[in-house]
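Here is the structure we will look at.
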Amino acid sequence: MGSFSCLIEKMYLCTKINLLCGRFQRRESSPNMSKIKILLCGGILWICLAPVLRAQEEKWNELEKERNYINAQIQKGEYLLNELKINANRLATHINNEEFQHWEKYFYTFNPRAENNLPILKAVIIKTERNGMSNYKEYMFDNDGNCMYHSESLQNYKVALDEKTRFYMDKESPVRWFKNDSDITFDSEKPYKIVAKIVETANALKAKFLKQLSD
């Protein structure tokens with residue numbers, strides 16, 4: 001079950017529960033009835049959401065398994081690799097006398113059984129270093145070309161800054177969001193907006209990769 005359908009189901013169930021609780025509120029009730037109402041609503045909510053949360057956990061486990069597989073393939077050198085590097089020898093007099101280096105790595109494979117024999121992009125890793133700042137990004141793709149994982153690490157060696165965020169996605173919907181290993185709750189539209197930007201960037205990187213091969 002995709003996370004977007006999980007969200008719709010949550011909204012529908014919560015709406016029905018709110019309507020049920022509203023009926024209690026319209027009645028004149030004693031303190032004991034209020035406690036019963038809270039317990040009843042909480043119990044109904046848990047019973048309704050438990051299958052949804054379980055399905056979301058299963059999807060995350062599936063994505064994490066695929067991420068680990070892609071990482072293992074990269075480490076073993078099983079993928080083809082295209083690499084772009086700017087200021088490869090790390091000259092400090094690059095632009096505006098900055099210490100600067102930027103590189104992009106595109107990991108891909110082919111499906112020998114596919115009729116079109118098009119490359120399958122599996123991961124893009126990007127790193128930019130500038131004056132003590134390091135920005136490291138990963139984009140990973142499923143076999144249908146959908147971005148399923150994104151991470152970004154930001155380090156500043158001058159002020160001991162070390163931040164990392166990780167997003168797991170089912171097509172274009174967020175499944176799980178971590179910030180410095182803390183699990184972030186989806187309590188607003190923010191993760192959906194972030195994922196939309198991630199997918200937009202990932203699609204641009206895919207287009208750039210395919211253009212490199214066609215030139």
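Residues in segment 166-183 that are over 20 Å from residue 142 (Cβ atoms) and in contact with a strand residue (DSSP E or B) (Cβ under 9 Å, 6 or more places away or on another chain): 179, 180, 181, 183.
Taking strands (runs of 3 or more DSSP E) as the structural unit, those lying wholly within segment 72-180 and holding at least 3 residues that are over 20 Å from the mean Cα position of the chain (by Cα) correspond to 80-86, 100-110, 119-130. The single residue among 201, 128 that is among the β-branched types (Val, Ile, Thr) and farther than 25 Å from residue 61 by Cα turns out to be 128. Residues of segment 54-104 that are at pLDDT below 95 and of a type in the set (Lys, Arg): 54, 59, 85, 90.
The values are calculated or read from the model by the stated rules, or taken from the named source; none is laboratory data. Please read all numbers here as calculations on a predicted model, not as lab measurements. Every residue, glycine among them, receives a Cβ derived from its backbone with ideal geometry; neighbour counts consider all protein chains shown.
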